[in-house]
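Engineer: Before anything else, here's the structure in question.
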Amino acid sequence: AGGMEENIVKSRGVKFYAVSAAKLRRKPTLKNLKIPADVVRGIRQAKAVLKELRPAVVFSKGGYVAVPVVFAARSLKIPVVTHESDLTPGLANRIIAPRAEKVLTAFAETAKDFPNGEYVGLPLSDELFSTDRAAALARYRLGGKPVLLVLGGSQGSRALNECLAGANC
């Protein structure tokens with residue numbers, strides 16, 4: 001609770017529901033022993049929320065928080081659609097995929113990884129393409145400096161941020 005996602009959602013006047021989730025640590029650690037209990041707790045919490053909201057469908061973008069929500073949705077017979085934004089499917093979406101009606105993908109070749117995969121591209125905000133260049137340069141105080149846009153998500157974002165932070169521009 002109190003994370004970036006919660007703050008973004010609440011700042012837009014949308015009610016936020018917290019659900020327990022467990023991130024699998026790929027290296028051996030005692031924290032992984034808590035995963036089953038955390039997932040079960042998350043499924044119970046998600047079921048309560050879904051019973052209250054009664055959605056026609058659950059749309060997931062993957063990530064470890066989505067796993068208990070998807071399991072809860074399926075136990076309540078609520079259809080699930082998920083979207084995989086990365087070229088290589090993440091662990092959560094690989095777990096979610098068999099429980100989803102459709103796995104929508106950002107890349108055509110990724111859709112082939114799932115029997116229920118369908119390439120749809122990456123949903124992007126129109127704002128990304130309609131922003132005024134001069135206003136953006138002024139807002140970020142870039143003046144006449146050359147600008148390089150670097151996009152990276154998921155596991156690659158940390159490496160890109162660290163690399164660029166050390167660049168002497």
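Engineer: Can you list the HN-Hα couplings for the range 77-92, worked out from phi with the Karplus curve (6.51, -1.76, 1.60; θ = phi - 60°), rounded to whole Hz and with x for Gly and Pro?
Structural biologist: Couplings: 6, 8, x, 10, 10, 10, 10, 9, 8, 8, 5, 9, x, x, 4, 4 Hz.
Engineer: Moving to a separate point now. I want to check the label-to-label distance for Val81 and Glu162. Put each point 7 Å from Cα in the C-beta direction and report it in nm to one decimal.
Structural biologist: 3.8
Engineer: If the chain were replaced by its equivalent ellipsoid, with semi-axes equal to the square roots of 5 times the Cα gyration tensor eigenvalues, what would those be, largest first, whole Å? Mind showing how you got there, number by number?
Structural biologist: Details: eigenvalues 211, 78, 74 Å².
Sorted largest first and rounded, they come to 33, 20, 19 Å.
Engineer: I would also like to ask the following. Report, in deg cm²/dmol and to the nearest 500, the calculated mean residue ellipticity at 222 nm for the chain, where each DSSP H run with n ≥ 4 adds -39500 (n - 2.57) and the sum is divided by the residue count. Don't skip to the answer; put the middle values down first.
Structural biologist: On the way: 8 runs with 68 residues, N = 169.
Value at 222 nm, helices only: -11000 deg cm²/dmol.
Engineer: In whole Hz, with x marking every Gly and Pro, tabulate ³J(HN,Hα) for the range 138-148 from phi via Karplus 6.51 cos²θ - 1.76 cosθ + 1.60, θ = phi - 60°.
Structural biologist: 5, 4, 9, 6, 9, x, x, 5, x, 10, 10
Engineer: What are the lysines whose alpha-carbon lies under 28 Å from the alpha-carbon of Lys47, with same-chain residues fewer than 8 places away excluded?
Structural biologist: Lys10, Lys15, Lys23, Lys31, Lys34, Lys61, Lys77, Lys102
Engineer: So what's the gap between the Cα centers of the range 63-104 and the range 33-58, to the nearest angstrom?
Structural biologist: 13
Engineer: Still on this structure, please answer the following. If you count only protein heavy atoms with a 1.4 Å probe, what accessible area per residue comes out for the chain, rounded to a whole Å²? Write out the running numbers ahead of the final one.
Structural biologist: Working: 12300 Å² over 169 residues.
Each residue of the chain exposes 73 Å² on average to a 1.4 Å probe.
Engineer: Follow-up. Roughly what % of Cα-Cα distances in the range 11-98 sit above 20 Å, to the whole percent? It would help to have the intermediate numbers written out before the result.
Structural biologist: Working: 1429 of 3828 pairs.
Everything past 20 Å amounts to 37 percent.
Engineer: Using the Karplus curve 6.51 cos²θ - 1.76 cosθ + 1.60 with θ = phi - 60°, what ³J(HN,Hα) values do you get for each residue of the range 105-115, in whole Hz, with x for Gly and Pro?
Structural biologist: 10, 7, 10, 4, 5, 6, 4, 5, 6, 10, x
Engineer: Separate question: If amide hydrogens are placed 1.01 Å from N in the peptide plane, which non-local residues have theirs closer than 5 Å to the one on Ser60?
Structural biologist: Here the answer is Val81, Thr82, His83, since their amide H atoms fall under 5 Å of that of Ser60.
Engineer: Roughly what angle does helix 35-53 make with the longest principal axis of the chain, taking Cα atoms, 0 to 90 degrees, to the nearest 10?
Structural biologist: Once rounded, one gets 90 degrees.
Engineer: Still on this structure: To the nearest 10 degrees, how steeply does helix 156-165 sit against the main Cα axis of the chain, on a 0 to 90 scale?
Structural biologist: On a 0 to 90 degree scale, this one is about 30.
Engineer: While we're looking at this one, here's another question. If we count every other residue with Cβ under 13 angstrom of Phe16's Cβ, Lys/Arg +1 and Asp/Glu -1, where does the sum land?
Structural biologist: Details: positive: Lys10, Arg12, Lys15; negative: Glu5, Glu6.
Spelling it out: positives minus negatives among the neighbours equals +1.
Engineer: 5 Å is the cut-off here: which amide hydrogens, built 1.01 Å from N in the peptide plane, fall below it relative to Tyr119, excluding neighbours closer than 5 in sequence?
Structural biologist: Residues meeting the amide H criterion: Thr105.
Engineer: Given a 1.4 angstrom probe, I'd like the percentage of the accessible area of the range 29-169 that is carbon and sulfur, rounded to a whole number.
Structural biologist: Numbers: 5800 of 9890 Å².
That fraction is 59 percent.
Engineer: Between Ser125 and Lys61, what length comes free when the chain is fully extended (0.36 nm per residue of separation minus the Cα-Cα distance, one decimal in nm)? List each step's numbers first, then the result.
Structural biologist: On the way: separation 64, 0.36 × 64 = 23.04 nm, distance 1.57 nm.
Fully extending the segment from Ser125 to Lys61 adds 21.5 nm.
Engineer: May I pose another question? Starting from 0.36 nm per residue, how many nanometres of slack lie between Leu24 and Glu5 once their C-alpha separation is accounted for? Intermediate results must be reported in sequence, preceding the final value.
Structural biologist: Details: separation 19, 0.36 × 19 = 6.84 nm, distance 1.97 nm.
Full extension from Leu24 to Glu5 adds 4.9 nm.
Engineer: Considering the dipole of the range 14-64 built from charges on the beta carbon (Lys and Arg +1, Asp and Glu -1) around the Cα centre, which of Phe59, Pro28, Phe16 is farthest to its positive end?
Structural biologist: Value: Pro28.
The values are calculated or read from the model by the stated rules, or taken from the named source; none is laboratory data. Remember, predicted model here, so these are calculated numbers, not experimental data. Positions of Cβ are generated from backbone atoms using ideal geometry, with glycine treated the same way; all protein chains shown enter the neighbour counts. With ligands, DNA and RNA removed, areas are computed over all heavy atoms of the protein, side chains included. Shrake-Rupley method; radii C 1.70, N 1.55, O 1.52, S 1.80 Å.
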